[in-house]
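Asks: Structure below; questions to follow.
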Amino acid sequence: QEYAAKIVENSSALAKNCIDEGLSVLTNGTDNHLLLIDVTPNGLNGRQAESSLRESRVTLNRNALPFDPNGPWYTSGLRIGTPALTTLGMGPTEMREIASIMKSVLANTAPAEIKSGSQAGNLSQARYILEPNVLNDAQSRVGQLLANHVLYQEIDLEYLEQAFL
């Protein structure tokens, strides 16, 4: 029960911080383990947003929203949950950092232009452009979060690298 309550607390904190960062959180928050974010205000579809955030080391998935004009493949939204973050020992402070990382990445991602073929000059539904300095910063920030919240602290990674690589 304590773990489940922490998951919901983290999800609520993440939703609040995403809203504070200007991201469009459906239902203006959450009362369970996940939240949905509408990325159309960022000029993106869910596929582009998912890909840019995954490249930034943020694990989540695209998700269709109610009455989604982009359909189930490209979608208009993102779905992010907090159980894995909670398992790592993260709390509301880390949820603030994650929301900030997500905002930075989404604000600096744009659909790529199609360069050749019959659709040349149109914006791609799949490809995107993410500013390299923003990508590097996001990857570094996520890396720091993960370095501070190691899942299996008792595993000697140096030994494993020497023994198996």
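Asks: Under 16 Å Cα to Cα from LYS16, which aspartates and glutamates show up? Leave out anything in the same chain fewer than 8 places away.
Replies: Straight-distance partners of LYS16: ASP31, ASP38, GLU94, GLU97.
Asks: Return the single residue from SER12, SER118, SER76 with maximal mean-square fluctuation; model: Gaussian network over the chain, springs between Cα atoms under 10 Å.
Replies: Looking only at SER12, SER118, SER76, the largest GNM fluctuation is found for SER118.
Asks: Restricting to Cα pairs below 8 Å that are 6+ residues apart, what does the relative contact order work out to for segment 1-91? Please round to a whole percent.
Replies: Values: 149 pairs, mean separation 25.7, N = 91.
Answer for segment 1-91 is 28 percent.
Asks: Under 30 Å between alpha carbons, and skipping anything fewer than 8 positions from LYS115 in its own chain: which lysines qualify?
Replies: Reachable lysines: LYS103.
Asks: May I pose another question? Hey, what's the per residue convex hull volume over the C-alpha atoms of segment 6-45, in cubic angstrom?
Replies: 55 Å³
Asks: What share of Cα pairs, in percent, lie more than 15 angstrom apart in segment 83-126? Don't skip to the answer; put the middle values down first.
Replies: On the way: 586 of 946 pairs.
Everything past 15 Å amounts to 62 percent.
Asks: Dipole of segment 70-165 (Lys/Arg Cβ +1, Asp/Glu Cβ -1, origin at the Cα centre): which of LEU145, LEU85, ASN108 lies farthest to the positive side?
Replies: Ranked along the dipole, the leading option is ASN108.
Asks: Also, I was wondering about something else. How high is the FRET efficiency from THR27 to ASN133, r the C-beta distance, R0 25 Å, rounded to 0.05? Walk me through the numbers before you get to the answer.
Replies: Values: r = 33 Å, r/R0 = 1.34.
Efficiency, rounded to the nearest 0.05: 0.15.
Asks: Of the accessible area of the chain, with the probe set at 1.4 angstrom, what percent is carbon plus sulfur?
Replies: Numbers: 4920 of 9530 Å².
Carbon-and-sulfur percentage of accessible area, whole number: 52.
Asks: What distance in nm lies between label points placed 7 Å from Cα along the C-beta direction at SER100 and GLU9?
Replies: The two pseudo-label positions are separated by 2.1 nm.
Asks: Here is a follow-up. Convert each backbone phi in segment 126-141 into a coupling constant with the Karplus relation 6.51 cos²θ - 1.76 cosθ + 1.60 (shift: θ = phi - 60°), then list the ³J(HN,Hα) values in order as whole Hz, x for Gly and Pro.
Replies: For segment 126-141, the Karplus curve yields 10, 7, 8, 10, 10, 4, x, 5, 5, 4, 4, 4, 5, 4, 5, 5 Hz.
Asks: Sort out the exposed loop chymotrypsin sites (Phe, Trp or Tyr not before Pro) in the chain (DSSP loop, at most 16 other Cβ within 10 Å) and tell me the longest stretch that has none. Walk me through the numbers before you get to the answer.
Replies: Working: sites that count: PHE67, TYR152.
With a cap of 16 other Cβ atoms within 10 Å, the longest stretch comes to 68-151.
Asks: Continuing with the same structure: From the gyration tensor of the Cα coordinates in segment 48-118, what semi-axes in whole Å does the equivalent ellipsoid have, largest first, with each one equal to sqrt(5λ)?
Replies: Values: eigenvalues 144, 49, 19 Å².
That gives 27, 16, 10 Å for the three semi-axes.
Asks: For the chain, modelled as a GNM with alpha-carbon contacts under 10 angstrom, which of GLU154, GLU21, GLU94 fluctuates the most?
Replies: GLU154
Asks: Between ALA64, ALA147, ALA112, find the one with the highest GNM mean-square fluctuation for the chain; connect C-alpha pairs within less than 10 Å.
Replies: Taking springs between Cα atoms under 10 Å, the residue moving most is ALA147.
Asks: Still on this structure: Which distance in nm do the two modelled labels at GLN144 and ILE114 give, with both placed 7 Å along the Cα-to-Cβ direction?
Replies: In this crude spin-label approximation the distance works out to 4.1 nm.
Asks: Expressed as a rounded percentage, what relative contact order does segment 87-165 have, with Cα pairs under 8 Å and six or more residues apart?
Replies: On the way: 50 pairs, mean separation 24.8, N = 79.
About 31 percent, as a whole number.
Asks: Here is a further query. Rounded to whole Å and ordered largest first, report the semi-axes of the equivalent ellipsoid of the chain derived from its Cα gyration tensor (root of 5λ).
Replies: Working: eigenvalues 171, 99, 35 Å².
So the three semi-axes of the chain are 29, 22, 13 Å.
Asks: Compute the signed sum of charges (Lys and Arg +1, Asp and Glu -1) over the other residues within less than 13 Å, Cβ to Cβ, of ALA64.
Replies: Net charge around ALA64: 0.
The values are calculated or read from the model by the stated rules, or taken from the named source; none is laboratory data. Note that the structure is predicted; figures quoted are calculated from it, not measured. So basically every Cβ, Gly included, is an ideal-geometry build from the backbone, and we count neighbours across all protein chains shown. SASA here: full protein model, heavy atoms, side chains in, ligands and nucleic acids out. Shrake-Rupley method; radii C 1.70, N 1.55, O 1.52, S 1.80 Å.
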